[in-house]
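FYI, it's all coordinate maths here, none of it is from the lab. Bear in mind the structure is a predicted one, so any value in this text is a computation, not a measurement. A quick note on method: Cβ atoms are made from the backbone with ideal geometry, for glycine too, and the neighbour counts reach across all protein chains shown.
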Amino acid sequence: MDKFKGIETPFYYYDTELLRDTLRAINTEAGKYEGFCVHYAVKANANPKLLNVICQAGLGADCVSGGEIRAAVNAGFPSSKIVFAGVGKTDKEIELGLDKNIFCFNVESVPELEVINSLAAGKGKVANVAFRINPDVGAHTHANITTGLAENKFGIAMDDMEDVIRRALAMSNVKFVGLHFHIGSQILDMGDFVALCNRVNDLQNMLEARKVVVENINVGGGLGIDYTHPNRVPVPDFKSYFSTYARHLKLRKGQKLHFELGRSVVGQCGSLITRVLYVKQGTVKQFAIVDAGMTDLIRPALYQAYHKIENISCDASPKTYDVVGPICESSDVFAKAVDIDECHRGDLLAIRSAGAYGEIMASQYNCRPLPKGYIAEELQ
Ligand SMILES: *Cc1c(COP(=O)(O)O)cnc(C)c1O
């Protein structure tokens, strides 16, 4: 791996060619249907170099904090394509959104709606608002990343939806422009999205009967990636994803359908590159101790997530290892009992499918430096 020579490990490496292929697939598949608009969920990875590539592909930006709004604006996303979601927006963040004239606030409670109305009044502006509705639809994914159940903290209950819309219609400094949903992440069963479509159809029928017009429907993100076979399935199945919505969600004339994809856009293009420090024979196990830890990639520790690990320095017969980091936590383990080509001190390992919720979730615990991120163009 000559291109990685002399670069301090651990670091993230992003295959921008794969990212561009992924974005092309998104634009091709979503482009088949009238009114489909795709946004990128910045929280998956806010590396400015990636944001730039994604912005150039024409996607909008879905932000969940003031910092993400700034990152999106700096990367060149037009404010008319920025939406701001989140269950706990601060006044300062709302003011930033108002100052930048973003397209829409996805509102999650009545108190938040009142604050947005009053802050907008203070600036003599009218803020577009959409309501995030909790559709009480479960997703077949890890319990920590399902968000659309009645028990989750997110959104407004379906029973309160009409009342909240009426309140917004009576306010002078907010404009009701749509409904927002998001049921969870790493969803590979299209049936979960069908369930969401059915729910949205029911809610739309109900609102239509009461003469409430909804200009925009936003179904969030959540499409998963294949962590087991990053080489075999580098680009997620966007064809099935968008056609599921086209077939099952009954859009009204002129209505726009918004998507906010995070993981499926950037997940497969990123790898965490780490160096083997020591190979240690324990009493029952063999450990590959690497210089990356849960501070660099927390998904295995946080969600018991699987990432494929490859030895990119050495092509030898595989041996079985627990791949562990240097952090003083027993959960600082990338994989247990995995077969990897025989490891030696100094070998580079690639922890694959780490483009989403990797670099952005890094911390400085143990006073460690944050990992750097490089795109392919920087390392020829
Ligand atoms: C996290 C999130 C997304 C993106 O989810 P992915 O699973 O990464 O596609 C989209 N919308 C909202 C509101 C989110 O919180």
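Annotations for the structure displayed:
- Burial ordering of PHE259, PHE242, fewest other beta-carbon atoms within 10 Å first: PHE242, PHE259
- Cβ-based charge dipole, the range 42-115, positive-most Cα from SER109, GLY76, VAL42: GLY76
- Average projection area in nm² (convex hull over Cα atoms of the range 61-135, one quarter of hull surface): 4.5 nm²
- Mean projection area, nm², convex hull over Cα of the range 162-300: 13.2 nm²
- Phi angles across the range 198-206 convert, under the Karplus curve 6.51 cos²θ - 1.76 cosθ + 1.60 with θ = phi - 60°, into 3J(HN,Hα) values of 4, 5, 4, 4, 4, 5, 5, 4, 5 Hz, Gly and Pro given as x.
- Counting neighbouring beta carbons within 10 Å and listing from fewest to most, the residues HIS180, HIS248 come out as HIS248, HIS180.
- In the chain, the DSSP-assigned H stretches of four residues or longer account for a calculated mean residue ellipticity at 222 nm of -8000 deg cm²/dmol, using -39500 (n - 2.57) per stretch and the full residue count as denominator.
- Hydrodynamic radius of the range 238-356 per Kirkwood, over alpha carbon pairs, in Å: 16.3 Å
- In degrees, nearest ten, helix 110-122 long axis to first principal axis of the chain (Cα): 70 degrees
- Taken about its Cα centre, the chain carries a charge dipole of roughly 720 debye when the Cβ of each Lys and Arg holds +1 and the Cβ of each Asp and Glu holds -1.
- Converting phi to 3J(HN,Hα) with the Karplus coefficients 6.51, -1.76 and 1.60 and the offset θ = phi - 60°, the range 168-175 yields 5, 5, 8, 8, 8, 10, 10, 10 Hz in sequence order, with x at every glycine or proline.
- Options MET206, ILE312, LEU297, ranked by Cα towards positive dipole end of the range 170-315, top entry (Cβ charges): MET206
- Computed from backbone phi, the HN-Hα couplings of the range 127-133 come to 8, 6, 10, 10, 9, 7, 9 Hz, rounded to whole numbers (Karplus: 6.51 cos²θ - 1.76 cosθ + 1.60, θ = phi - 60°; Gly and Pro given as x).
- Angle of helix 16-30 to the longest C-alpha principal axis of the chain, folded into 0 to 90 degrees and rounded to 10: 30°.
- Sequence of SER118, SER353 once ranked by neighbouring C-beta atoms within 10 Å, starting from the fewest: SER118, SER353
- Helix 238-248 and the long axis of the chain differ in direction by around 30°, with both axes built from C-alpha atoms.
- Stokes-Einstein D (µm²/s) once Rh is taken as the Kirkwood radius of the chain over alpha-carbon pairs, at 20 °C in 1.002 mPa s: 98 µm²/s
- The range 146-244 - Kirkwood radius from inverse mean 1/r over Cα pairs (Å): 15.5 Å
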